[in-house]
């Protein structure tokens, strides 16, 4: 090894030692454009994580949490967008939510909507929807729109399905009637059965008493 080669090697080692002792010197030697490119992916990843957390919290709410946050709101599944029934719902506010049933009527009450025309075209649809809601609700209503003339066999079939899967079958002959049922279920969710029970009249005391 010559003297000049040894001198160059010594300069390289001293330069590396100075950079190790002073890390800011190495950062200053990097152009600002490269530093900005290195910092941009970190900020974008943080923003994407924040958006994912917000979306997960909004869709992970239970029906009880939804109704407790907005007890007066009828929660409608996003799958029901475009349903003609919704234009007749005027007495209670409703909001679209990502939920398994079509409608949430209360903390433990839900409803599935089915038209007879759609059932004749897709007979397996109702079985899939019943499997999706599982047994998470105490009251499960199957709200059907009777929009076909030959409906006797369909009513018998759906009545059997409702009995086997512990559903309450409710039939309506118009979209407006379906909306009235939904409004009534929502408006009376906190009421007991005393409003429809027979009231006992107080006994009229005999005005003529023998003293």
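Which of the following residues is closer than 23 Å to residue 74 by Cβ and modelled with pLDDT under 90: 200, 134? Show your work before the answer.
Details: 200 fails: closer than 23 Å to residue 74 by Cβ.
Testing whether each residue is closer than 23 Å to residue 74 by Cβ and modelled with pLDDT under 90 leaves just 134.
The one condition from (1) part of a loop (DSSP other than H, G, I, E, B); (2) more than 25 Å from residue 65 (Cα to Cα) that residue 189 does not meet is (2).
For residues that are out of contact with any strand residue (DSSP E or B) (no Cβ under 7 Å at 6 or more places or on another chain) and at pLDDT below 95, scanning just the range 94-122, find the one that is nearest to residue 178 (Cα to Cα). Among them, the one singled out is 106.
The values are calculated or read from the model by the stated rules, or taken from the named source; none is laboratory data. These numbers come from a predicted model, not from an experiment. Cβ: placed from backbone, ideal geometry, glycine included. Neighbour counts: every protein chain shown.
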